[in-house]
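The values are calculated or read from the model by the stated rules, or taken from the named source; none is laboratory data. Not measured: the values here are computed from a predicted model. Cβ coordinates were reconstructed from backbone atoms using ideal geometry, including for glycine residues, and neighbour counts include every protein chain displayed. Heads up: the accessible areas ignore ligands, DNA and RNA and are worked out on the full protein's heavy atoms, side chains in. Shrake-Rupley method; radii C 1.70, N 1.55, O 1.52, S 1.80 Å.
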Amino acid sequence: MWRLLAVVCLLLLAGCSGFLATDGDASDRVVTPAPVPETSTAQPVAIPRSNGSVDLGRVLARHHAALEGRSFHRQVVREGPQNTRDIWVDRDADVVRVRRTFGPVADDAVVANGTVYRTASDDPDRDYVTRPSDGSVPYVGTLSGVSLLRAVLTDYEYELAGTVTRNGRSLAVLSTDDTDVPITAGDPDQTVTVRSRVYVDRAGIVRYVEHYQRDSDATNLTVRMRVTTGTDRVVVPWWLDDVDLYDG
């Protein structure tokens with residue numbers, strides 16, 4: 001039975017080449033797989049290599065550096081268990097919003113003007129609570145997602161599978177398909193079957209990740225990530241309507 005489930009998941013990953021998401025709250029944001037046109041006429045994309053293989057460490061370091069000076073929206077959907085995380089970053093105004101969901105439960109946080117605003121889910125008399133910002137952002141290890149990508153991807157060896165075009169942008173496709181890969185942490189007898197695709201643009205940004213793995217103890221993990229640059233303004237959530245984030 002698990003083999004049938006794994007095949008179904010792989011087929012879903014093969015067809016899920018992107019996400020559709022609005023910048024609103026959970027009530028009007030829908031996350032669904034959407035086909036993204038791909039062609040074989042894309043321009044070459046340079047990928048760091050080491051001894052002839054993809055140097056994934058340098059790929060992720062370039063991704064992190066490329067996003068440090070850009071505004072962007074990053075969305076991560078994880079299954080096993082199901083949760084979604086959206087990060088909006090406005091570099092010009094120095095405003096960041098992070099929203100995470102675990103099933104029906106949602107947490108929201110905004111960092112702006114030296115203050116962290118968080119939903120007061122445990123206080124029915126207040127919509128939000130505040131504290132001075134120490135520079136960190138709730139719910140994420142890094143805004144760029146590099147900490148997540150290192151944790152999920154770096155146990156595997158990737159090869160350059162080719163170049164495609166998505167939404168008019170040339171992307172290098174890094175891929176790995178492997179079975180019985182030893183797990184570096186935890187039970188030394190555990191292994192992983194993995195199917196993973198990482199799409200990198202010419203600026204070094206990891207635009208899409210489609211990653212599926214199944215441990216030998218029948219634990220499944222699916223991670224999908226999408227990065228969209230050029231965010232003009234962070235959408236202010238309803239619970240922070242009385243705070244003018246952009247005018248201080």
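Assorted remarks:
- Verdict on R58 being in a helix (DSSP H, G or I) and without any contact (Cβ under 8 Å) to a residue 60 or more places away in the chain: yes
- Strands (runs of 3 or more DSSP E) within segment 134-248 that include 3 or more residues closer than 22 Å to G52 by Cβ and over 16 Å from the mean Cα position of the chain (by Cα): 159-166, 169-182
- In segment 188-199, the condition of being in contact with a strand residue (DSSP E or B) (Cβ under 8 Å, 6 or more places away or on another chain) and of a type in the set (F, W, Y) is met by at least one residue.
- Positions within segment 120-147 being modelled with pLDDT of 90 or more and closer than 18 Å to D241 by Cβ, in sequence order: Y128, V129, T130
- Residue under evaluation R150, criteria (1) over 24 Å from R197 (Cβ atoms); (2) touching a residue at least 24 places away in the same chain (Cβ under 8 Å); (3) basic (K, R), criterion not met: (1)
- Residue identified as closer than 29 Å to T119 by Cα, of a type in the set (A, V, I, L, M) and open to solvent by 20 Å² or more (accessible area, probe 1.4 Å) among V227, V236, V223: V236
- The single condition among (1) closer than 27 Å to N220 by Cα; (2) surrounded by 13 or more Cβ atoms within 10 Å (Cβ to Cβ); (3) at pLDDT 90 or above that A151 does not meet is (2).
- Condition met for V89 (touching a Leu at 6+ places or on another chain (Cβ under 6 Å), of a type in the set (V, I, T) and not in a loop (DSSP other than H, G, I, E, B)): yes
- Residue pairs meeting the criteria (Cβ under 9 Å; at least 6 apart or on separate chains; first without any contact (Cβ under 8 Å) to a residue 24 or more places away in the chain, in segment 155-178; second of a type in the set (D, E) and open to solvent by 20 Å² or more (accessible area, probe 1.4 Å)): S175/E159; T176/E157; T176/E159; D178/E157
- Candidate set from segment 90-110 (those that are charged (D, E, K, R) and touching a residue at least 40 places away in the same chain (Cβ under 8 Å)); member that is surrounded by the fewest Cβ atoms within 10 Å (Cβ to Cβ): D90
- Total residues in segment 194-227, condition more than 17 Å from R78 (Cα to Cα) and modelled with pLDDT under 90: 2
- Residue list for segment 116-136, filter: open to solvent by 30 Å² or more (accessible area, probe 1.4 Å), within 30 Å of A66 (Cα to Cα) and in contact with a strand residue (DSSP E or B) (Cβ under 6 Å, 6 or more places away or on another chain): R118, R131, S133
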